[in-house]
Amino acid sequence: MKIYCYFLVAIAAFFTSAAAAFDVDGYGIVDTHYTTGDIFTDEEDGRYAWDLRRIKFSIKDDLKDNLKYKLSFKVNADKGLLEFDDAYLTYEPIKRFDIKLGRFKVPFGLENLQSTKTLPLFERSIASEVFTLSRSPGVSFQYKNSFLGVELGRFFRSAEDKDYEPGHVTSIRTRLFYGDHKDGLLHLGMGFNNEVVTDNKLRHEAVIVGGSVEDQIKGTKLSPNAINTSNFEIAGLFHYLTLQAELFSQRWVFEDDNPDKPDSTYEPDYYGSYMQAAVSFVGDGRRYEDGELEPDFKNDQFLEVAFRVNYVDLDYGDNRDYANSIDLAITYYPTKKIKLAAQYQRGDLVSGDVGDIRLPETGSAFSLRMQFVFD
């Protein structure tokens with residue numbers, strides 16, 4: 001299905017504007033980590049490691065006044081492969097309304113829809129990693145004006161196990177925003193995803209601290225028929241100060257003939273949240289653009305300090321896996337194209353049978369990052 005999206009965009013670009021000049025941009029990220037604590041494996045504990053986090057480049061252009069496309073690729077450093085990422089067409093039949101067709105992010109979650117290269121911390125929160133979906137082929141319809149945005153999408157989910165039928169996701173997201181980020185801007189949003197799942201024995205897995213280490217929180221394996229996820233998001237921009245928070249809740253749905261259907265008193269009860277604040281000391285704080293909070297440079301420089309607390313609770317019957325962590329980072333852009341950052345993380349994980357005496361596993365990580373943007 002991914003390759004079909006790329007053919008669709010490539011054919012549209014060729015026949016609509018065969019002589020168009022491509023707009024190519026991208027970025028690369030290199031990290032180094034020092035990790036310690038019993039939350040890590042023996043190989044990860046007390047180790048320095050470097051990680052080619054991402055190399056990504058995009059090709060985009062306006063085919064007509066109301067039609068544009070985007071193709072993006074990323075390098076899988078571990079496998080030495082070039083992989084597809086985004087591939088979509090955006091059509092605006094009337095002002096303030098657009099239709100997007102192809103492969104792109106499911107429109108759900110404030111932090112999830114923000115690019116990694118502009119985050120105030122190194123990665124998205126644990127909650128965003130656990131409860132948001134990745135890119136999928138599909139179509140979305142969006143209306144937006146000077147204070148409101150509404151997007152509805154339908155996406156295809158392929159089955160990893162060929163014995164199972166393909167699934168789909170229906171997604172809706174709404175956001176309200178008011179004000180100016182220099183004097184004070186408030187963003188409120190809500191989202192809902194209904195995912196008809198494709199495979200058996202699904203479970204949540206995520207890294208709590210340490211970047212690209214092995215997954216640390218691992219929920220119960222179950223075989224639901226559908227998963228319903230909701231979120232509430234809030235953000236405020238007050239010149240040099242940016243505040244942001246999200247709350248996620250999730251319900252796993254089991255039909256009556258599902259052999260995994262749990263007793264009503266033991267249905268999965270999953271929650272997650274994060275709260276963060278960022279203060280800029282060089283630059284003009286962050287700016288709000290199409291639902292994203294991006295650095296607002298001054299004289300091509302930007303310096304920001306950010307703090308975040310994270311929480312995830314995966315409670316099912318006698319099993320409860322929950323984790324929390326704190327992140328503190330400082331980021332400096334000497335130019336718009338170069339980003340230098342340092343981050344400290346500390347996290348706790350409690351997992352296993354509720355009836356057992358469970359002591360938390362703890363760990364911390366110190367990381368450095370260099371990012372280069374090209375266009």
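The values are calculated or read from the model by the stated rules, or taken from the named source; none is laboratory data. What you are looking at is a predicted structure, and each value in this text was computed from that prediction instead of being measured. Positions of Cβ are backbone-derived with ideal geometry, glycine not excepted, and every protein chain shown enters the neighbour counts. Keep in mind that these areas ignore ligands, DNA and RNA; they rest on the heavy atoms of the full protein, side chains included. Shrake-Rupley method; radii C 1.70, N 1.55, O 1.52, S 1.80 Å.
Rounded to whole numbers, the Karplus 3J(HN,Hα) couplings from phi for the stretch 53-62 are 4, 6, 10, 9, 9, 10, 10, 8, 6, 8 Hz, using 6.51 cos²θ - 1.76 cosθ + 1.60 with θ = phi - 60°, and x at Gly and Pro. Of the three principal axes defined by the Cα atoms of the stretch 201-266, the extents in descending order read 55, 29, 18 Å.
Only helices enter this figure: runs of n ≥ 4 DSSP H residues, each worth -39500 (n - 2.57), summed and divided by the residues of the chain, yield -1500 deg cm²/dmol at 222 nm to the nearest 500.
Of interest is the spacing of the C-alpha centroids, which for the stretch 190-245 and the stretch 127-157 amounts to 14 Å. Other residues with beta-carbon under 13 Å from the beta-carbon of residue 190 carry, at +1 per Lys or Arg and -1 per Asp or Glu, a net charge of -1.
The residues of the chain have, on average, 50 Å² of accessible surface per residue, using a 1.4 Å probe with all protein chains present. According to the Cα-based calculation, Rg over Rh for the stretch 142-234 is 1.10, with Rh computed by the Kirkwood formula.
For the set 227, 59, 172, solvent exposure ranked by accessible area (probe 1.4 Å, protein chains only) runs largest to smallest as 172, 59, 227. Ellipsoid semi-axes for the stretch 271-319, based on the Cα gyration tensor and the rule √(5λ), read 34, 12, 6 Å when sorted largest first. Taking the protein heavy atoms of the chain in the context of the full set of protein chains, the accessible area attributed to carbon and sulfur is 56 percent at 1.4 Å. Take the chain and mark each of the chymotrypsin sites (Phe, Trp or Tyr not before Pro) that is in a DSSP loop with at most 14 other Cβ atoms within 10 Å; the longest unmarked stretch, sites excluded, is 165-375.
Note on the stretch 288-348: the C-alpha convex hull projects to 6.1 nm² when averaged across all orientations.
The ratio of the alpha-carbon radius of gyration of the chain to the globular-protein estimate 2.2 N^0.38 Å is 1.01. Under a Gaussian network description of the chain, with springs only between Cα atoms under 10 Å, the residue in 324, 299, 225 that fluctuates furthest is 299.
The relative contact order of the chain comes to 15 percent, based on Cα pairs under 8 Å that sit 6 or more residues apart.
Within the chain, the longest run free of trypsin sites (Lys or Arg not before Pro) that sit in a DSSP loop with at most 15 other Cβ atoms within 10 Å is 222-335.
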